1. Name the one entry in Arg61, Arg57 that is open to solvent by 60 Å² or more (accessible area, probe 1.4 Å), more than 13 Å from Leu119 (Cβ to Cβ) and not in a helix (DSSP H, G or I).
2. Do you know which residues across region 79-114 are among the hydrophobic types (A, V, I, L, M, F, W, C) and within 23 Å of Ile47 (Cβ to Cβ)?
3. Answer yes or no as to whether Leu127 is in a helix (DSSP H, G or I) and of a type in the set (A, V, I, L, M, F, W, C).
4. Is it true that some residue in region 107-126 is open to solvent by less than 50 Å² (accessible area, probe 1.4 Å), farther than 25 Å from Val35 by Cβ and either in contact (Cβ under 8 Å) with a residue 24 or more places away in the chain or not charged (D, E, K, R) (or both)?
5. Find all pairs meeting these conditions: Cβ atoms under 9 angstrom apart; at least six residues apart or on different chains; first residue within region 23-36 and assigned to a loop (DSSP other than H, G, I, E, B); second residue surrounded by 13 or more Cβ atoms within 10 Å (Cβ to Cβ) and of a type in the set (Gly, Ala, Ser).
6. May I ask you to say which residue of Ser143, Ser102, Ser72 is hydroxyl-bearing (Ser, Thr, Tyr), open to solvent by 60 Å² or more (accessible area, probe 1.4 Å) and modelled with pLDDT of 85 or more?
7. Report every pair of residues separated by at least 6 positions or lying on different chains whose Cβ atoms are under 6 Å apart, first residue within region 130-151 and on the phi < 0 side of the Ramachandran plot, second basic (Lys, Arg) and open to solvent by 50 Å² or more (accessible area, probe 1.4 Å).
8. What are the pairs with Cβ atoms under 7 angstrom where one residue, in region 3-22, is under 18 Å from Ile62 (Cβ atoms) and of a type in the set (S, T, N, Q) and the other, located anywhere, is open to solvent by 60 Å² or more (accessible area, probe 1.4 Å) and outside any helix (DSSP H, G or I)? Sequence gap at least six, or different chains.
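The values are calculated or read from the model by the stated rules, or taken from the named source; none is laboratory data. Owing to the predicted nature of the structure, the values given are computational and were not obtained by experimental measurement. Every residue, glycine among them, receives a Cβ derived from its backbone with ideal geometry; neighbour counts consider all protein chains shown. Keep in mind that these areas ignore ligands, DNA and RNA; they rest on the heavy atoms of the full protein, side chains included. Shrake-Rupley method; radii C 1.70, N 1.55, O 1.52, S 1.80 Å.
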Amino acid sequence: MKLSIHETALLTLLRKGLMLSEESLPESFADFQEVAVLARKQTVLGIVARAIISDPRYSARIPRTLLVKLKSFVVSGAIKYDEMTDSLAKVVSTLQAEGIGSVLLKGHGLAANYPDPALRQCGDIDLYVGEDSVRAYDLLAASADHIDKRQ
């Protein structure tokens, strides 16, 4: 299967953002908007945005509105990451105080493997609490701003 020009550009910028390559896009490449759409779908927009923003060869040739959106995404992502990290610390501390162990799963935990953890798009925090799930739910529901109904 042959990759499209946009998919190839996405992978080039992703490798650059992950500091795995210094490969560059062709000077003629200009459709950064479509690459941003693909990056968002693949939840790697933070990494790709940082690669675009930090390289004057790219940031100088993309529309100003897109550049502002990418910068905003990176900054708001960092703020959200910090907020989620603080929330996670409080939740884990609350659970530990009641003798409930937890294991961080997926997203937020994987962010530690990124060159900059705040570049990972985050949505929620997944904790495994084992057989203590009902007790953990009841304990956390009391202080949650929002919580789905227990099933």
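1. Details: Arg57 fails: not in a helix (DSSP H, G or I).
Sole residue among the options that is open to solvent by 60 Å² or more (accessible area, probe 1.4 Å), more than 13 Å from Leu119 (Cβ to Cβ) and not in a helix (DSSP H, G or I): Arg61.
2. Of the residues in region 79-114, the ones among the hydrophobic types (A, V, I, L, M, F, W, C) are 79, 84, 88-89, 91-92, 95, 97, 100, 103-105, 110-112.
Passing the criteria: Ile79, Met84, Leu88, Leu104, Leu105, Leu110, Ala111, Ala112.
3. Details: in a helix (DSSP H, G or I): no; of a type in the set (A, V, I, L, M, F, W, C): yes.
So Leu127 does not fit the description; no.
4. Yes, because at least one residue in region 107-126 is open to solvent by less than 50 Å² (accessible area, probe 1.4 Å), farther than 25 Å from Val35 by Cβ and either in contact (Cβ under 8 Å) with a residue 24 or more places away in the chain or not charged (D, E, K, R) (or both).
5. Leu25/Ala9; Pro26/Ala9; Phe29/Ala9; Asp31/Ala9
6. Details: Ser143 fails: modelled with pLDDT of 85 or more; Ser102 fails: open to solvent by 60 Å² or more (accessible area, probe 1.4 Å).
The match here is Ser72.
7. From region 130-151, the pairs are Tyr137/Arg150.
8. Thr12/Glu23
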